[in-house]
């Protein structure tokens with residue numbers, strides 16, 4: 001599926017993928033992962049990417065890589081804009097799927113979605129951000145079954161953010 005990006009002159013591609021629930025990594029019960037390819041702002045570097053996210057109500061931005069262990073956030077949705085290099089990200093936990101990402105790709109992870117870096121080149125860098133009010137996120141590995149059970153309740157109750165971080169149609173599908 002393709003759609004024109006807001007504020008871009010190029011066509012960005014849009015995909016969705018729904019992660020199945022697991023014992024350690026809950027994933028979101030109804031919101032799919034959103035993957036945008038060819039996002040001009042992400043290809044434009046740190047400032048352009050963080051600014052686009054901020055303009056759509058996603059803040060608390062940071063610049064780094066992705067942890068190499070399966071983890072998830074139960075208190076926040078997360079966006080990752082690839083501003084350099086390429087990598088293989090495993091989404092959905094051990095029961096999930098590997099996705100190749102590169103400069104200009106943006107991955108929107110609904111709360112509960114497991115993610116980890118499987119491999120990357122040395123240039124791999126992302127800008128991460130969170131919807132307004134969700135910047136104080138947690139980081140869970142799914143080691144404690146009671147913690148995972150409690151996290152599932154919070155994840156299911158977390159509403160969709162008002163806007164998509166790149167101005168696309170994806171987050172609208174979460175409503």
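FYI, it's all coordinate maths here, none of it is from the lab. None of the values given here were measured: they were computed from a predicted structure. Don't worry about glycine lacking a Cβ; one is built from the backbone with ideal geometry, like all the others, and counts go over all protein chains shown.
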Original post:
What angle do you read, to the nearest 10 degrees and between 0 and 90, between the alpha-carbon axis of helix 46-55 and the longest principal axis of the chain?
Top reply: 70
Original post:
In the chain, if every C-alpha pair distance is counted and binned at 5 Å from zero, what percent goes to each bin?
Top reply: 1, 10, 19, 23, 22, 15, 6, 2, 0, 0
Original post:
If you average the sequence gap of Cα pairs under 8 Å that are 6 or more apart and divide by the length of the range 2-167, what percent do you get for the contact order?
Top reply: 30
Original post:
By how many degrees, between 0 and 90 and to the nearest 10, does the Cα long axis of helix 145-157 differ from the longest principal axis of the chain?
Top reply: 50
Original post:
In vacuo Debye scattering of the range 115-175, one point per C-alpha: log10 I(q)/I(0) at q = 0.30 Å⁻¹?
Top reply: -1.23
Original post:
So how do 54, 30 line up by other beta-carbon neighbours within 10 Å, fewest first?
Top reply: 30, 54
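Okay, helix-only estimate at 222 nm for the chain: each DSSP H run of n ≥ 4 adds -39500 (n - 2.57), divide by all residues, round to 500 deg cm²/dmol; what do you get?
Working: 3 runs with 27 residues, N = 175.
Estimated from H runs of four or more residues: -4500 deg cm²/dmol.
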